[in-house]
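Reviewing the structure listed below.
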Amino acid sequence: MFGSIGMPELIVIFVIALLVFGPNRLPDVGRSIGEAIRGFKKAVGAPESPFLKEPEKQTKAERSSKPD
């Protein structure tokens, strides 16, 4: 999909972004997009939360050996 984007297309996209956001806000926009991508990658790669896992089932022997 993105394999056909070359240097001329990237320059056009950059010029349009420069016109829309302006030269002062463009670094802030790039920084926020980078932080969003970094946060998404961190969330995708993070292990599952222990609160979302199903509780382990106890056997009869385990339940009877524990004092109540």
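Here is a check on your reading of the model: is Lys57 over 24 Å from the mean Cα position of the chain (by Cα) and modelled with pLDDT under 80? Let's see the steps before the verdict.
Numbers: over 24 Å from the mean Cα position of the chain (by Cα): yes; modelled with pLDDT under 80: yes.
In short, yes.
Considering Ser32, Ser4, which residue is within 26 Å of the chain's Cα centre (by Cα) and either at pLDDT 90 or above or of a type in the set (Lys, Arg) (or both)?
On the way: Ser4 fails: either at pLDDT 90 or above or of a type in the set (Lys, Arg) (or both).
Unique residue meeting the criteria: Ser32.
The values are calculated or read from the model by the stated rules, or taken from the named source; none is laboratory data. These figures come from a predicted structure and were not determined experimentally.
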